[in-house]
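The values are calculated or read from the model by the stated rules, or taken from the named source; none is laboratory data. Because the structure is predicted, anything quoted here is derived from the model rather than measured. With ideal geometry, Cβ positions are generated from the backbone for all residues, glycine too; neighbour counts draw on all protein chains shown. Quick note on the areas: whole protein, heavy atoms, side chains included, nothing else; ligands and nucleic acids left out. Shrake-Rupley method; radii C 1.70, N 1.55, O 1.52, S 1.80 Å.
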Amino acid sequence: MKYLGLFLDNQMKVLVERTESILYYAESDLSKDQGAGWIGGNAPQFFDDQDDLIHEGKQKYLFYLSLVHPFKTENMISIFIPEDYEEYLKNNMYPNCSIKVIEHPISTENIKEMFTNPGLKKHTISDGTLSNDQKSMDQSFLIKVGETRDLFKMKTIILRI
């Protein structure tokens, strides 16, 4: 991750002051060595033989994405979603959220299709770019780390629904 030093130097601005954000994009034309992770495709090799860590009873999970942790370069963050879409819709808000987010050591993509989501085309996730939080409001992105929440706007949106 070529911007790592930049992220570590600005960790306070991203996580505490929330004046800066890290933006990630999905890119179909990048090689897997050029990005910070991937969406779709196979889960990291770390999850070989760890069905019990991912699946819960009858609830099966599919791999969604993996991303190098922006502040812990030796780790990744992987996300798994329920295979049962109705379960996912029923439990999609905190504290009843059925998505699994797991931090683990860096790992390459597995060749096994144990948790592969057949409906999700693989894309590389770009290296993150640092952006002013206000400027990022007008940009499209896949993942945003850090953000200033405007609770008044959130209430306005909720009231319109």
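Structure data summary
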read-out	value
Rounded FRET efficiency, nearest 0.05, which uses the C-beta distance separating Lys72 from Thr129 and R0 of 22 Å	0.70
Expected-Rg normalisation [2.2 N^0.38 Å, Cα atoms] applied to region 45-151	1.20
Surface per residue (accessible, 1.4 Å probe) for region 33-150, Å²	58 Å²
